[in-house]
Structures are given as C-alpha cells and as structure tokens.
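The values are calculated or read from the model by the stated rules, or taken from the named source; none is laboratory data. Keep in mind it's a predicted model, so treat the numbers as computed, not measured. FYI the Cβ positions are ideal-geometry reconstructions off the backbone, even for glycines, and counts take in every protein chain you see.
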Amino acid sequence: MNQKVHLIAIGGSIMHNLALALHSQGFIVSGSDDQIYEPARSRLGKRGICPEKEGWWPENINNDLSFVILGMHAKGNNPELLRALELGLKVYSFPEFVAEYYKDSHRIVLAGSHGKTTTTSMLMHVFKELNLSFDYLVGAQIEGFDEMVSLHKAEYALIEGDEYLSSCLDPRPKIMHYSPQIAIITGIAWDHYNVFPKFELYTKAFADFISSMPASGTLFWYQGDDDLQKIVSMYGKHIHCIPYGEPEYVIQNEKCYLISEEACYPLEVIGKHNLQNMNSVLKVCHLLGFNSLSVCEALSSFKGAAKRMQLLKKNDTLTIYQDFAHAPSKVKATINALKETFPGKTLTCFLELHTYSSLNNNFLPQYADTCNKCDKLTVYYDKKALEIKNMENLDPEFVASCFNIENIDIIHEGEILKEKIAEAQAADGILVFLGSGNWNGNKLYQE
C-alpha cells in the first residue's frame, strides 16, 4: 500500500521539488501553503498535487497520513502542524526526511557560505556523465535534471548542505542531519544575519557540522579561508581533513582552460571561485577512484547552475550575465571573475539588496570593498521588501558609504531602475545583475 505524505509549506522551491520526487516514487502526496507562486503552481498542478486553495487546513491532517514533512516557511503556530502533533503523527523537517531517506547511501555533502550549489551541480554533472547511480539534493535548477531532488535510494547521495535552520521545531542547521562519509566546505563568510546575529554563532554551525562527521569521514576544505582553517584544526581532528586550492588554469581570448597532467581542457565557467569549486570536485572523484581523464572531460562540458554566472546575452559589443550572488563574498567573487576574464572591458554592475542580511543596517558594512573592480555600480532595493520583512528603512547615503566605491548609485524607485537598466543595456562592455530578487519585474536583457 502506498504511503500518504502531507507537506506543510509545499510551495517552496525545494519543498515542491520534494513533493514531485515523492510523487514519482509512488507516494500519495498532499500539501498546503499560504502562497504558491510559479513555477511551483504549474509543476504541482501537472501532477495533480497542487492544493485547490491556498491556506492552512487542519481538517486535512488525519491518521491516514504516514508522516508529515514540515517546510521552513511554516511557523510554530501553524494549525496543520498543531493538528499533526495532536494526533501524534511523525513530523519530519525537510533535512531530517532527506537524511532518513538517504541513510543507506554513500552521502557526499557540499557545504559552505558560497559555491555549494555550483559545486553540487558540478559533481552531479560528473556523476551523470560517468553513468553512476546517484540521488541528489540541490538548490537550483540544473540543466539535464528535471527536478532539484531525486529519491531512488541510489548508491550515492549528493547533498547540498545548507547551514540555515531546519524548521520551526528544529533550530539545528540543516547540515547537522546528514552525517556524510565525504564533505566539502567551500569557505565561510557571514550570512543569514536574521538567525545568526553574531559571526561566532554562524561559524559554530560549521564547527558543529565537522564535529558531527563520523570518524571514517573525509573533509575537503578550502585552504585560502583563515576562519575555516581555524575551525577545521579545532574540530576536525577525528576525521581525515584534506585542504584544496585552485587547480592550474589559464585564460586565453576570454576563455578559461583547466590544465591537468593529461591535457588542457576548455571550460564553460569562469572565475577563480569556480576553479576552486572544480578542484574540490576533482579531489572527491580522485578519492572515489574515478578516472581523472573522464572527470576532466565531464567538467569541461559543465555549463553552471541556473542564475549562477548565467550568460543571458552576448553580441559584438555587450555581454550580459545574471548571478544569484547576494552575500558580500559571493558578490566579490563574481565581480573579480568577470574582471579577470574581461580585463579590458567596462564592467557595469547592478546589485539588488533583497535578503534579510543585505537589508540590515548592521550587516551592510560587510559589503565594503566588494565591488571596487566595478567601473559603475547601481544598488537597488525595494521599500516594499523592507515592509514585508518588517525592517527599518535604509538611508541611501549610508548604503552608499558601506560599499566604499566612488561611482555608485543607490535607487529604490522602480521607474528609475527601469531607466538605469535600459541605459546599461544600450552601452558597451560587460553588464552583470547580482542578487536573489526579481528586479521589480524588469527584463534583464533585450532579444
């Protein structure tokens, strides 16, 4: 008999993908949410598992359910959650369920403040090219994969390990659930200010994760991060810890090449941060005994994850990229990558402040010197986002001072943003849009 499962907050990016994966495995899936946006609504609708109406409906929670999965969006007073607890149903947080489902697989967790989605998708691409049996959990849509979650109880499980809290019932970082045999930490840079108001609290999430790894585990960590080095030396004594840096590479005619002992491989991605991510994947594959030539050939065809240094348009005069980068370390890495690849071209950057951290007056100084290699920087924030998040207003002059760059505009009006984007699209050089917001609905490139 097929198990029945109900997802509270089914409309989230990962949660609706989990619902689709469960449905593919024969589970009878139901769910609820107070808001369901596209593409989640259409994707759930095609499977017949989109809630008929938005909201929370405790009458849908009954003893016929095998278990409930609780999304991070749901609050502690959620009526469906309260009903499930009243009935004594098993309630999983999202990462708790994933950990349970993958418990018999060889688990590889890819963690860090930046680059974990890209690194996870790199490893997924290699495994697919090598025709290996694997499941995966990744935080973005990846070319060649229909969903962001796979549940086949495969030999390997590749897990993007998020340090954010698990659920309203479980304040532990999500990565604490996975107990991996192999892990990568790409680096540490303060993020999620709303739940980690002090840097020490944020770094503790990674310290606890390293401490939780089994004694037989192997950790690959980026050696250029001083904070990470201290944490690994203190908390990684019981496991095998292997540092990594950048592999040998060269840039010729605006193209990056990976250099190995066997050959020189042209890459579809750019930037030192992506080369560092790639080197961690190379080291994991070496540990697993994969053929290095086959791995390098696979990496050569990797085109990146959605909205991660995504090429939107290129012609003789203008190249436009979009990047999900919003945290200071990510913004700096993307800008540096573009300037290194296109050293003789004008670099125009748009950054949307959208997350709790980036809109916080106490956190904004973290952006100092992140955009110094921009020739022109426009920072945009939507006042409605501040209202929705119940945050205090921002002073444009203060925001500008935090970036420590001369050629900067701070705007919060949608019409001015539209004009600025049109102006940038008519210019020459390199144009990049950074952030996780929606740019007030503006089209980022013209056909």
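Selection of first residues in region 255-274 that are at negative phi and of second residues that are surrounded by 15 or more Cβ atoms within 10 Å (Cβ to Cβ) and β-branched (Val, Ile, Thr), restricted to Cβ pairs under 6 Å at least 6 apart or on distinct chains, gives the following pairs, ordered by first then second residue: Cys256/Ile270; Ile270/Thr341. Among the numbered conditions (1) modelled with pLDDT of 90 or more; (2) assigned to a helix (DSSP H, G or I); (3) surrounded by fewer than 18 Cβ atoms within 10 Å (Cβ to Cβ), the only one that Gln366 does not meet is (3). For region 69-90, the set of residues classified as in contact (Cβ under 8 Å) with a residue 60 or more places away in the chain and in a loop (DSSP other than H, G, I, E, B) consists of Gly71, Met72, His73, Ala74, Lys75, Gly76, Asn78, listed by residue number. Confirm whether Thr203 is touching a residue at least 40 places away in the same chain (Cβ under 8 Å) and among the polar types (S, T, N, Q). In short, no.
Quick grid of which residues meet (1) out of contact with any Phe, Trp or Tyr (no Cβ under 6 Å at 6 or more places or on another chain); (2) of a type in the set (Phe, Trp, Tyr); (3) surrounded by fewer than 24 Cβ atoms within 10 Å (Cβ to Cβ); (4) modelled with pLDDT under 95:
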{"position": "Val91", "(1), (2), (3), (4)": "yes, no, yes, no"}
{"position": "Phe97", "(1), (2), (3), (4)": "yes, yes, yes, no"}
{"position": "Tyr102", "(1), (2), (3), (4)": "yes, yes, no, no"}
{"position": "Lys116", "(1), (2), (3), (4)": "yes, no, no, yes"}
{"position": "His125", "(1), (2), (3), (4)": "no, no, yes, no"}
{"position": "Lys128", "(1), (2), (3), (4)": "yes, no, yes, no"}
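Against the list (1) part of a helix (DSSP H, G or I); (2) within 28 Å of Gly435 (Cβ to Cβ); (3) in contact (Cβ under 8 Å) with a residue 60 or more places away in the chain; (4) not hydrophobic (A, V, I, L, M, F, W, C), the condition Ser294 fails is (2).
Could you look through region 264-293, keep only residues that are within 23 Å of Gly112 (Cα to Cα) and among the polar types (S, T, N, Q), and pick out the one that is surrounded by the fewest Cβ atoms within 10 Å (Cβ to Cβ)? Residue satisfying both the conditions and the ranking: Asn279. Could you please find all residues in region 52-71 being under 18 Å from Ile14 (Cβ atoms) and surrounded by 20 or more Cβ atoms within 10 Å (Cβ to Cβ)? Across region 52-71, the qualifying residues are Val68, Ile69, Leu70, Gly71. Each residue in region 395-427 was checked for being surrounded by fewer than 19 Cβ atoms within 10 Å (Cβ to Cβ) and part of a loop (DSSP other than H, G, I, E, B), and 7 of them qualify.
Ala205 - would you say it is among the aliphatic types (A, V, I, L, M), part of a strand (DSSP E or B) and out of contact with any Gly (no Cβ under 6 Å at 6 or more places or on another chain)? Criteria not met by Ala205.
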